[in-house]
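The values are calculated or read from the model by the stated rules, or taken from the named source; none is laboratory data. Bear in mind the structure is a predicted one, so any value in this text is a computation, not a measurement. FYI the Cβ positions are ideal-geometry reconstructions off the backbone, even for glycines, and counts take in every protein chain you see. Each accessible area value is taken on the protein alone, full model and side chains, heavy atoms only, with ligands, DNA and RNA left out. Shrake-Rupley method; radii C 1.70, N 1.55, O 1.52, S 1.80 Å.
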Amino acid sequence: MAEEQATRRPTVYDVAQEANVSIASVSFAFRRPDKLSEATRQRVLDAARRLGYAPSGAARGLARGRTGILGLHAFDLLLERADPLAQPLSGLQSPALDTGGVIPWDQTDDDVLSDPRAFPLYVDEVQRGFELECWALGRPVMLSSGSDADVSVADTVGRVDGLAIFPSPQTAPTLARHTPSIPIVLFSAAPADDRHHRVRVDNALGMRSLVAHLVDEHAATDLAFVGRLEAEDAVERRDAMIAELEARGIRPRPDSVDATVRGEDELVPQVRALLAEGRLPQAFVCATDQNAFTLLDVLAAEGVRVPYDVIVTGFDGTLGSRLTTPTLTTVRQPMEAMGRAAARILAGSAGSPPASGVFDVVFEPRVLVRASCGC
């Protein structure tokens, strides 16, 4: 890269010259990939990665190439309602906004959307901390969400001076294709061979402390893990549960109960099968509070009493965990503090980074003992 390029953001012209294509081809590579051959698009993306280029909307008109904005991106982690497969939304998409009259209550769907099992969640509480810290620092915030597509992430990167991301399994390869020239913070992601900062919780400590409580205080030695092993968090928590049981000479169940917050899963049929076979565990240990909320509904529908017939625990410590029946024993993450930490890192107000130049901020979680374990 030329010396003058190192002091400013690379432009579309730089990428076009590097890839030996037109500026229109550069734009198509990010926004209309169907307009290019795969070979041409790959050549453009490779050039963009070498230069550290991302398409910039906000920075286009700024000669200094900086926006002052800090971004927060979520990969489709927000929940519109607690159970997306039930209670169709009747009024939210239909009220007329141009009549000049008062919109009736029954056209708002507020009774469904205000369910604390859907809001505020882990993402929402971290976002609050991020926004509050940015406000304190005098930095504007851009919120974005979308799929794992290159365009979704690259477009957000191009509009901000720093970006915090709630990652998905595709985050790492997506970012690797662009090598953003701005600082990136990943929430709840294990350290890896990249230059991105991390803000996370000690999943192993939280889960092992929870299992120790179940074994020591409730003599529970037959535990079933509930959650789909797609996210790093879920895998870390499942592995920590197994490690704590094995350290105590307890043989863990070999299989997890398949559950996910979005889409189809096998939670209901698997729970029914455990009941029919007389194989209900002493405790269901859920990967997240959302998994536990759904499980509590399923068990109640099957006439299973929590905690008298089986213990249920969660992980995250969201507001909804305080309001379930029974209230949910869970592991609380300091979510607002995590959001604030990410904002400070991106704003350059987190102090001197480690020798590696990369922050890996790990918070201690806390077990919140409530009624769903029998306490």
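Oblate is the label for the range 197-306, because a/c, from the alpha-carbon gyration tensor with a ≥ b ≥ c as root eigenvalues, is 1.5 or above and a/b does not exceed b/c.
Under 10 Å from the Cβ of Cys286, count the other residues' Cβ atoms, weight Lys and Arg +1, Asp and Glu -1, and hand me the total. That works out to -1.
Legend: translational diffusion of the range 313-375 by Stokes-Einstein, Rh = Kirkwood radius over C-alpha pairs, 4 °C, 1.567 mPa s; D = 95 µm²/s. Accessible area per residue for the range 241-375, computed on protein heavy atoms with a 1.4 Å probe, is 46 Å². Within the shell of other residues whose beta carbon sits under 12 angstrom from the beta carbon of Asp239, the net charge comes to -2, with Lys and Arg scored +1 and Asp and Glu -1. Each other residue within a Cβ distance under 14 Å of Trp135 adds +1 if Lys or Arg and -1 if Asp or Glu, for a net charge of +1.
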